[in-house]
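Structure, as structure tokens:
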Amino acid sequence: MAKTLVGALALAALPSALAFRNTSPFFLFSTAQLNIPNPDQSIAQASHITTDVLNVLKGCPTRSYVLIEQLGVSSADYVDDRLAPRLSQYMSGKDNAVKTTFAVPEVVGEIDQKAIKKYLEAECGHKGGYNVFEAASSESKMDRRNDLQKADDLFEKLLVKEARSEDYTVIYSTTPPSERASKSLLAEEHPPYEMENTYGNYDQMELKRDLSSHVRRANSTNSAGLFERYQYFTPGLFMAFSAIVPLFLILLVGIRALTSLEVSYFAFSKEMGPNAQKKQ
């Protein structure tokens, strides 16, 4: 199993990787053919990685072992191969002696290197300890680049010193950077956006509401006359007058019709003749 270091840490180049601030990568490569479970996982618990490593080391597959712990790094620090060229060379499979590579970009927690060291001492006769690199503690991005390159040089010297007869296994664990360093690096990579001034050096004027019209209206109200300040002929009065006029005309026509009736006095007299007796 061989993969480039950039390919193994491709998740770190994505914007979503910013959410994993308390994680760090893990690397393992060996000259032996190791059967590693879930070799392509991108995020895992440190306890699970420790258990998998102990299971892989059963039977002592190689003669020598190199245990390294790098403090204060994230997967984004290893995306560029130039920051760790020696580690990248081994993880990319360019060394013909390396048969197995294993990388997890985001490990939650810290790998128990002491438990791995204790197991190797008891079962495989490992006499060396595990080496701690404290180089990548700077908050500046440029300083971290220099520190990572120095740590990579120390890693190469240590591997040449402890690895014997090209029969070795390297267990390279890391710890995440501090909260302060993470915020500093994030602010350096994403500085606050400053809006460009398209008007050059002209003075900027604040936009305010024009209240002068309200002042003029108030002054004119106080100095106006009675008929200018109040409205007497309202729409309600206009509608009332409009309804009263036709009603008044109807009433006038009715009164004139009643007064124009002409009835003779004989119509109200009692009939006394033969016709009246017939009607009775």
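The values are calculated or read from the model by the stated rules, or taken from the named source; none is laboratory data. Here the structure is a predicted model, which means the values were calculated and not measured. Counting neighbours? That spans all protein chains shown, and the Cβs are built from the backbone with ideal geometry, glycine included. The accessibility values were calculated without ligands, DNA or RNA, using every heavy atom of the protein model including side chains. Shrake-Rupley method; radii C 1.70, N 1.55, O 1.52, S 1.80 Å.
Of note:
- Sum of side-chain charges, residue 151 neighbourhood, beta-carbon under 13 Å (Lys, Arg +1; Asp, Glu -1): -3
- Measuring with a 1.4 angstrom probe and ignoring ligands and nucleic acids, residue 27 comes out at about 0 Å² accessible.
- A cut-off of 5 Å between modelled amide H atoms, ignoring neighbours fewer than 5 places along the same chain, links residue 70 with 133, 173, 174, 175.
- Accessible-area ranking of 66, 253, largest first, probe 1.4 Å: 253, 66
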